[in-house]
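Here is the structure we will look at, set down as structure tokens.
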């Protein structure tokens, strides 16, 4: 990929006009998301190529603004501003309605990367510097980073390394939101490349949700690799199906890793009872992504998750 000198970072207002800019003393290559690579370091929060963002409610009807179904059900609407489309920079709207990050930038919640990168024993990232570029919008930042490893786990899967990481997190009470696509943050070395969402907790539901987030995101992307991991935990050949049963099975493997006692015998005839025990009692009571910055947002989203799951279980009972 061609190295482009994105040394001047433009900030665009909602009308599509660049009203502010700041300088990065490096030649940057845009990698994806809000990550750029410089000559020596990586930069997070120095801009992105605009594709879309999310808003809970529809705004004023404008000819160059379109609304679409969201990728995640509680995000509201996926919104596309034609005036921003394909431009690189930072855009003066939140990327998602539950977080303070402007599009392409890092909000206050991302500052957790700094202590977590030194305290979490399997961090793959080192924070070299944090720069505050705006006092507005609750404060906005970009970070200068280096990595021990950035290659994703999925490129060279290793069940033993993955299970070692999960055991380390369980034993040391490091947790992540249960609905996070966590497998994408795990490297081939069994470390975490993005530690910003990690938190410490001894609560069983938080630990349970961490392991579930890993296994569920692995299952969604690569069912074969998920089965390799699950057979390390449960060697016996157990029937596996999609649908509600998949969530129950993932929950059962999670319970085995975490060491939850008094789990009912795994029985396909008892799928609904297992779902209610594992998913409703343990999982949805855990912290979700919407709650990592403001707890009340997480509480609202949890109610939506619970309503959807109960509706699904009711269908399965028929």
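Write down Rg/Rh for region 73-142, rounded to two decimals, with Rg from the C-alpha atoms and Rh from the Kirkwood relation over Cα pairs. Kindly include the intermediate steps, with their values, before the conclusion.
Details: Rg = 14.5 Å, Rh = 13.9 Å.
Result: Rg/Rh = 1.04.
So what is the relative contact order of region 147-194, in percent, for Cα pairs below 8 Å that sit 6 or more residues apart?
Working: 42 pairs, mean separation 28.6, N = 48.
So the answer I get is 60 percent.
If the segment from residue 317 to residue 280 were pulled out straight at 0.36 nm per residue, it would be longer than the present Cα-Cα gap by 11.8 nm. By other beta-carbon atoms within 10 Å, ranking 99, 199 with the fewest at the front produces 199, 99. Label zone of residue 296 (point 7 Å out along Cα→Cβ, amide N under 11 Å): in region 174-208 this covers no residue at all.
Taking a ≥ b ≥ c as the square roots of the eigenvalues of the Cα gyration tensor of region 106-197, is the shape rounded (a/c under 1.5), prolate (a/b larger than b/c) or oblate? Walk me through the intermediate numbers first.
On the way: a/c = 2.21, a/b = 1.88, b/c = 1.17.
Taking the square roots of the gyration eigenvalues as a ≥ b ≥ c, region 106-197 is prolate.
Angle check, please: helix 295-317 long axis (alpha carbons) against the longest principal axis of the chain (alpha carbons), in degrees 0 to 90, nearest 10. Between helix and principal axis, roughly 40 degrees.
With neighbour counts taken as other beta-carbon atoms within 10 Å, the residues 162, 306, 283 rank, fewest first, as 306, 162, 283. Highest GNM mean-square fluctuation among 150, 302, 83, for the chain modelled with Cα contacts below 10 Å: 83.
Measure nothing fancy, just the Cα-based angle from helix 223-233's long axis to the longest principal axis of the chain, in degrees from 0 to 90, nearest 10. Between helix and principal axis, roughly 50 degrees.
Were the residues from residue 146 through residue 220 laid out at 0.36 nm apart, the gain over their Cα-Cα distance would be 23.7 nm. Structure remark: mean-square fluctuation, Gaussian network model of the chain, C-alpha springs under 10 Å; the largest value among 15, 171, 293 belongs to 15.
Working note: 222 nm ellipticity from helices only, DSSP H runs with n ≥ 4, each -39,500 (n - 2.57), summed and divided by the residues of the chain, gives -9500 deg cm²/dmol to the nearest 500.
Could you work out the relative contact order of the chain, using alpha carbon pairs under 8 angstrom and six or more residues apart, expressed as a whole percent? Numbers along the way, then the final one.
Working: 574 pairs, mean separation 38.9, N = 318.
Relative contact order of the chain: 12 percent.
When the Kirkwood radius is taken over all Cα pairs of the chain, what Stokes-Einstein diffusion coefficient follows at 37 °C and 0.692 mPa s, in µm²/s? Let's see the in-between values first.
On the way: Rh = 21.1 Å.
Once the numbers are plugged in, D ends up at 156 µm²/s.
Relative to the dominant Cα principal axis of the chain, helix 204-221 is inclined by about 80°.
Ranking of 173, 191 by neighbouring Cβ atoms within 10 Å, starting from the fewest: 173, 191. Evaluated at q = 0.08, 0.09, 0.21 Å⁻¹, the base-10 log of the normalised Debye intensity for region 8-147, with identical point scatterers placed on the Cα atoms, takes the values -0.23, -0.28, -1.31. The label point for residue 31 and the one for residue 62, both projected 7 Å from the Cα toward the Cβ, are 3.2 nm apart.
How high is the relative contact order of region 9-74? Use alpha-carbon pairs under 8 Å, at least six apart in sequence, and give a whole percent.
Details: 57 pairs, mean separation 11.3, N = 66.
Averaging sequence separation for qualifying contacts and normalising by length gives 17 percent for region 9-74.
Separation of region 76-115 and region 145-165, taken as the distance between their Cα centroids, equals 27 angstrom. Among 255, 246, 124, the largest mean-square fluctuation in a Gaussian network model of the chain, built with springs joining Cα atoms closer than 10 Å, belongs to 246.
Quick note: the coordinates plus some simple rules give every number you see, no bench work behind them. Just so it is clear, the structure is predicted and the values come from calculations on it, not from any experiment. Heads up, the Cβs are rebuilt from the backbone with ideal geometry, glycines too, and the neighbour counts pull from every protein chain shown.
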